[in-house]
Each structure stands twice: as C-alpha cells, then as structure tokens.
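This report refers to the structure that appears directly beneath it.
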Amino acid sequence: MFQKLHLQMTLFCTTVTSCILLVLTLVCFFFAQNSLKKNDYNSFLTQLNAFLIHLQEQDTISHQWLNQLQGNGEIYFFLYDNKKPLSYQSYHFSKKESRLAKEAANIARKKYDVDIFSTDTHKIIVQAEFNFSPSTGTNYYASAGIIPKKSGTISFIILFSLEKQQKVLKNLRIIVCLAALAAIFLLFIFSWYFTKRIIIPLEESQKQQTLFIASASHELRAPLAVLRSGLEVLKNKITPAEQAHFIDLMTEESSHMQNLVNHMLLLANADSGHLPINPSAYQPDGILINIYEKYETLANKKNIVLFIDLPDELLPNCLCDIERITQVFTILMDNALSYTPAGGSIRLSLTLEPMHPHGECLLFCFADTGCGVPETDKKLIFERFYRSEQVHTDKEHFGLGLCIAKEIVRAHKGNIWVEDHNGGGSCFYVRLPAVFT
C-alpha cells in the first residue's frame, strides 16, 4: 500500500512541479525569442533607413558602398535603375538569389500594391516592409520600394536574412528541451526521496497502530474469555457459593478490562494531541513526600526499604497537572516495587537543574536495586505493550504504564528516561519545568 502511495505521490509532485517549470520555461523562451526577433528587426530597420537616406542624397551608387553594406552576407540589396537591374547584381548575386528578389517583388506587388517595375511615373517614395518566407526555407525581412530621381526612378528590393536567427532559435529550443528533460528527471529523483521521507513516519505510524491493535486484542482476549465462560456457568444450576465465586471473578476481569480501556483512551488522546493537562504551581517536595507516604506501608510489607532525599534549600514550584504527574510517579513506583526483590531498596530524590538549556528544571529520580533494564531495552520499554521481562504475568501490568508516563511527561514539555543504578538496578528520571512565583 505504501509503495503504491509512494509512487503516486512521486508522480504527482513531479507532474505538478514539472508543469510549473515548463510554463515558466515557455514564458522565458517566449520573451527571449521576441527579444531576439525585435533586435534583428531593429537592425534591419537601421540598415534600411541608412540605405534609403543614401539613395535619396546621392545621385551615383558605387559598387564599393554596396560591398560594404553586404559585407556580412546577412543583407542583400537589389537595385533597379529605371526598372533595369544594375550591372553590380550580375557579378555578385547568383541565379538563386536573383529569383528570391523577383519572388519578393511579386509579393510586394500582389499583397502591398508596391510594383517596383511599374511604368507609372512616381513623384513620391513608395515603400513596403514585410516578412518574406520563400520556398528555400530561410526567412527574410524584406522591403520593396521606389525612389523618384531627376533622371527617373530607383527601385529596390532589400532582403535581410534570418538564417542566423533561425539557427539561434533552433539551438535555444534544443537547449531548453534538454534542460527541461534534465530538470524533470532531477525533480523525479528529488520527489522520490522527498516523498519517501514523508511516508516513513506514516508507515511507522501504521505499523505502530497495527501492533497496538494486535496487542490490545491479545490483552482483551483473556478477560473476555473469562467473562463468557462465567456467563455460561451462571446459566446452569450452581450453588450460591459457586455463583458468588464466578461473579467475583467476572467483576475482577471487568475491572481489568476497564483499566486497559482507560489506558488505551489516554494514549489515543495523546496521539491526537488532546491529552487534557491543567498545569498549576505545586511544591515539588510535597509531591514526592505524598508518593513516599503512599507507598511506605506497601514497601514494608514486601521487605523493601524506601528512602527519600530532599534538598535543604527552598525549591521553585513545579508547573504540572498534579493528578497526571501523580499518575506518572505511581507507575514508576509500581514498577520499582514489582521488580525489586525482598531485602532491596528504593530511593526517591529531587534536585534542581539551574543550568538546563530550557530554563531551570526539577529532576525527580526513582532508583531501585532490582534486576535493572538491559541496554537494548532502555528505549523499548517506553513503547506500547512492551515488557522488559516477558515472563511477567501480573495482570495489572499491560505494558502500557511507561508509555503512558512518557506521553504525560511529554505533554508537560518534560523528559523521562532510564539509566543504570550504581549499586545495580535502575534509575528512572523525570525532568519537569520549574516556575518561580
């Protein structure tokens, strides 16, 4: 599913960005093409004006002057003295070029009503400028006209070759096409890796969701089986004592299911960003003392020594939701009591971190002398339904406690992690923001 989505997102991103790129490229090419044509046309007009001024001012036309004008081979001047071609043309123009002049003269006569071979007497300058596309394939800017002189008329056909312009535009098109293809290819490669990085969190989330559902189903299967079997038994004729036994058993399993569902709802709210947190300022040592007093009796029953270390100086308040943080500390104490053997100890401590990058923070520590957490499990134990000790069979532990603690601490903009204890066992740290009132 994700492979298909990856390909679809890649093609979509490539298509959209390629379309935008192609539109911008075509716009740039359009302006570049128009600029080139405009420059060539202005060059044609400049030479044409200089030529016409010279023809009007001079009574004689030298071959040297014509050679200078046609020096670069881009412009051709065909002159006719009283409708007769100058001798210059027979020496410098081929039959092919002469045919071009006649074809341009025909177009000027038919489309623009300028007949350079007309027998009518002209008293004013008659001129037409037009684009000329002969069958040879090379386009021209053309001008045809008649200039009256004392001895008659001078007719002219001027052809400005656009062969260079066509070659430049052709090369420009090839370069633009190659650049566009290369850009599309690079966009595809970029989109492939970019969308892959986007999909990875989605894929991980899907895996986590699938694992979460499978684990939750596994945890719910046992209590549901007990409830169903208990209901089947209650349908039969049994003694009151047996009936009370199965009712107690079903009540216990119902409570077990309720706790699991509550944990799952809390995690679902955390995933959606709607975990309710109502922070207020509380004395941190008071929070820790309450936890100590709550578990002191239970620790004595298990023959576990419970210590508490508090600093002598006055600490700033802890900005927290007291119910949620008490839930976190309860989870840590339950785990510590579960994994610490008789004769061991659990130490609660509190310190101030004044030099923390995010401001002054309060560091709570829960250190035990239990079995400890393997290095490979230090991050995994905060995952959902993960148990460091797989043989642990306590029904009250679903493998969600530390995950819930992590989500609650994260909602407080704090941190939770585990380290090894110097004397063996584990040290769970909870860092919470401090506030001065």
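The values are calculated or read from the model by the stated rules, or taken from the named source; none is laboratory data. From a predicted model like this one, the values you see are computed outputs, not experimental measurements. Don't worry about glycine lacking a Cβ; one is built from the backbone with ideal geometry, like all the others, and counts go over all protein chains shown. Keep in mind that these areas ignore ligands, DNA and RNA; they rest on the heavy atoms of the full protein, side chains included. Shrake-Rupley method; radii C 1.70, N 1.55, O 1.52, S 1.80 Å.
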Original post:
Regarding the stretch 194-339, what whole-number volume in Å³ per residue does the convex hull of its Cα atoms give?
Top reply: 202 Å³
Subject >> Positive minus negative residues near Ala411 (Lys, Arg vs Asp, Glu; Cβ under 11 Å) >> reply: +2
**OP:** Could you bin all the Cα-Cα distances of the stretch 179-271 into 5 Å bins starting at 0 and give me the percent of pairs in each, rounded to whole numbers?
**Re:** 3, 11, 13, 12, 10, 9, 8, 7, 6, 5, 4, 4, 3, 3, 2, 1, 1, 0
Original post:
What FRET efficiency do you get for Ile175 and Thr46 if R0 is 22 Å and r is their Cβ-Cβ distance, rounded to the nearest 0.05?
Top reply: 0.15
**OP:** Quantify, in whole percent, the carbon and sulfur part of the accessible surface of the chain (1.4 Å probe; protein heavy atoms only).
**Re:** 58 percent
Subject >> About the Cα centre, charge dipole magnitude for the chain (Lys/Arg +1, Asp/Glu -1 at Cβ), debye >> reply: 3600 debye
**OP:** Write down the accessible area per residue of the stretch 171-311 in Å², having rolled a 1.4 Å probe over the full set of protein chains.
**Re:** 68 Å²
**OP:** Check cross-link reach from Lys237 to the aspartates and glutamates: straight Cα distance under 16 Å, and skip same-chain residues fewer than eight apart.
**Re:** none
**OP:** Would you work out which of Ile381, Ser254, Ile154 lies farthest towards the positive end of the dipole of the chain? Charges go on Cβ: Lys and Arg +1, Asp and Glu -1.
**Re:** Ile154
Subject >> In Å, descending, principal axis extents of the Cα set of the stretch 121-185 >> reply: 68, 20, 13
Subject >> Per residue Cα convex hull volume in Å³ - calculated over the chain >> reply: 317 Å³
**OP:** Compare Cys365, Cys177 by solvent-accessible area with a 1.4 Å probe and give them largest first, with all protein chains kept in place.
**Re:** Cys177, Cys365
Subject >> About the Cα centre, charge dipole magnitude for the stretch 1-86 (Lys/Arg +1, Asp/Glu -1 at Cβ), debye >> reply: 500 debye
Subject >> Average accessible area per residue (Å²) across the stretch 39-167 - probe 1.4 Å, nucleic acids and ligands excluded >> reply: 57 Å²
**OP:** Taking the convex hull of the Cα atoms, report for the stretch 32-81 its projected area averaged over all directions, in nm².
**Re:** 4.0 nm²
Original post:
Along the positive direction of the dipole of the chain (beta-carbon charges: Lys, Arg +1; Asp, Glu -1; about the Cα centre), which of Tyr292, Thr119, Gln56 reaches farthest?
Top reply: Thr119
**OP:** Using amide H atoms built 1.01 Å from N in the peptide plane, name the residues 5+ places from Gly370, or on other chains, whose amide H lies under 5 Å from its own.
**Re:** Ser426
Subject >> Heavy atoms of Lys378 accessible to a 1.4 Å probe, total area in Å² rounded to 10 >> reply: 30 Å²
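Report the full-extension gain for the segment Ile322 to Asn415: residue separation times 0.36 nm, less the Cα-Cα distance, to one decimal in nm.
31.8 nm
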Original post:
Considering only Cα-Cα distances, which of the following residue pairs are longer than 22 Å: Lys37/Lys96; Lys196/Lys379; Lys83/Lys123; Lys379/Lys413; Lys37/Lys164; Lys83/Lys164?
Top reply: Lys37/Lys96; Lys196/Lys379; Lys83/Lys164
**OP:** From zero up to wherever the largest Cα-Cα distance of the stretch 1-110 sits, split into 5 Å bins and tell me the percent of pairs in each.
**Re:** 2, 8, 12, 14, 13, 9, 6, 5, 5, 5, 5, 4, 4, 3, 2, 1, 1, 0
**OP:** Apply the membrane-span-like helix rule to the chain: whole DSSP H runs, Cα extent along the own long axis of at least 18 Å, mean Kyte-Doolittle hydropathy at least 0.0. List the helices found.
**Re:** 2-57, 163-235, 322-339
**OP:** Quote the FRET efficiency, to the nearest 0.05, computed for Lys38 versus Leu7 with a Förster distance R0 of 60 Å and r equal to the Cβ-Cβ distance.
**Re:** 0.85
Subject >> Gained length - Lys95 relative to Leu315, 0.36 nm times residue gap less alpha-carbon distance >> reply: 68.6 nm
Original post:
Could you sort Arg221, Arg109, Arg228 by accessible area so the largest value comes first, with the probe set to 1.4 Å?
Top reply: Arg228, Arg221, Arg109
